[in-house]
Amino acid sequence: MSSAKPPKALLNLQRTSVLLADADMMGQSIVVQMLIGFGARTVARCDEIADARRHLTSQPYDLVIADPASFGPVGYDLISWMRRELPAPNRHASVLIITGHTESSRIGQLRDSGANFVVSRPLSATVLLERILWMSREKRPYVETLHYVGPDRRWRDVPPPAGTAGRRQKDLEVAARIAAGGEMNQTDIDLIMNATA
Amino acid sequence: MKITYTKNRLRDALDSAPPMMAATAVKQAEALLGEMQQECVARLDVLLAAFPAGLSGDDDARRVQVREVYETSRRMIGVATVAGIPEMDIAAQSLCEVADALLVRQKSDWEPLRVHISTMHLLRRSDIPEAAKGQLLVALESLRAKIAPAAPTLQTATA
């Protein structure tokens, strides 16, 4: 399924409690198989929003993976509810959103939901593993404002304006990496989001 | 604005487990996905059969049916690759963008949807040469570009 080279890193989800919220059972099963391959033993599977909320209210999770679109319009509120209404630790749990396709009218809502990362289906095992590793290394603080609650999005590696030389040696790194079709990190994604907003 | 610095519990959980090479984890995951292939093929066939043969009724009814086409197609994305037919994922993605663009404009044209669905049926057949599949996808891309030329997406990272 994947020809991408796995990262040279160590990872084992054996002691990671994962909540997977996806209304589509086949979509759920595909992600669960990958998580089991990564060593996961505790995966709470929720195919209803109420069930996901009940789980998140009753016990702590280290990683939340959700496909909001699979639940219809109510699914888009799950993560923002989690960030605004839940107490710690789940309020600050790492959240990965997986989406097959997002309606254009929902993109802003999904972007501002407060997830740590958004990835698209079809999702390979390598990409899922890389994103989990990336989130595990995150050091971003959580911000709470009137319109956004979630990982701080101001923490960016923004390249200089086009046509300028830049001030640091690595200034052009992000733009060059995107242009080369390479892997993107959260700051790259934030840049693209801002461009399409 | 309130700023909260909190420890990364995901990192703590990963650090507390016996280390496993990422390559091993990926290999195990791919082996488990391989076991799901036939199940995914069957699911794909169910979804393919769920597409309507056409749109009917007044404008409101037709838009409801376009939404159903969108939802069915969205459910296909990701399943097709595990089923070993990644071209159908591309077609399903394209169909979602076209259906979404129609819904945004409150239109319910059947023809672009029909072309996508027919193409999916062709891609599902095992006797179609790879080159022909490529040509079919190029044709779909051309159609998508006409209906949804600048669809904003959340395309971030895929396999």
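Every number in this text was worked out from the coordinates using simple rules, so none of it is lab data. From a predicted model like this one, the values you see are computed outputs, not experimental measurements. Ideal geometry is used to build each Cβ from the backbone, glycine not excepted, and the neighbour counts take in all protein chains shown.
Across segment B:1-83, what fraction of all alpha-carbon pairs, as a whole percent, falls in each successive 10 Å bin from zero upward?
14, 24, 19, 20, 16, 6, 0
With a 10 Å Cβ neighbour count serving as the proxy for reagent exposure, in which order, fewest first, do A:R153, A:R111 appear? Present the calculation step by step, with values, prior to reporting the outcome.
Values: A:R153 18, A:R111 21.
Fewest-to-most ranking of A:R153, A:R111: A:R153, A:R111.
If you take the square roots of the eigenvalues of the alpha-carbon gyration tensor of chain B and sort them as a ≥ b ≥ c, do you get rounded (a/c under 1.5), prolate (a/b over b/c) or oblate? The partial results should precede the final answer.
Working: a/c = 2.37, a/b = 1.49, b/c = 1.59.
Oblate, because a/c is 1.5 or more while a/b does not exceed b/c.
For chain B, set up a Gaussian network in which alpha carbons nearer than 10 Å are linked by springs, and say which option among B:A80, B:A131, B:A23 fluctuates the most.
Ranking B:A80, B:A131, B:A23 by mean-square fluctuation puts B:A23 first.
Which aspartates and glutamates, if any, have their Cα less than 19 Å from the Cα of B:K27, not counting same-chain residues under 8 positions apart?
In chain and number order, the partners are A:E130, B:E35.
Return, for the Cα atoms of segment A:37-138, the radius of gyration and Dmax in Å, separated by a comma.
Cα radius of gyration and Dmax of segment A:37-138 are 13.1, 37 Å respectively.
If you fit an axis through the alpha-carbon atoms of helix B:130-147 and take the longest principal axis of the Cα set of chain B, what angle between them do you get, 0 to 90°, nearest 10?
Once rounded, one gets 70 degrees.
What is the set of long-range amide H partners of A:R41 at a cut-off below 5 Å, with H atoms built 1.01 Å from backbone N?
Hits under the 5 Å cutoff: A:T16.
Give me the angle, in degrees from 0 to 90, between the Cα long axis of helix B:37-50 and the longest principal axis of the Cα atoms of chain B, rounded to the nearest 10.
30
What is the distance in Å between the Cα centres of segment B:1-48 and segment B:53-101?
Value for the Cα centre distance between the two parts: 26 Å.
Could you list B:V46, A:V18 so that the one with the fewest beta carbons within 10 Å of its beta carbon is first and the one with the most is last?
Details: B:V46 12, A:V18 26.
The fewest-first ordering by Cβ neighbours comes to B:V46, A:V18.
What's the angle, to the nearest 10 degrees (0 to 90), between helix B:111-124's Cα axis and the longest principal axis of chain B?
Once rounded, one gets 60 degrees.
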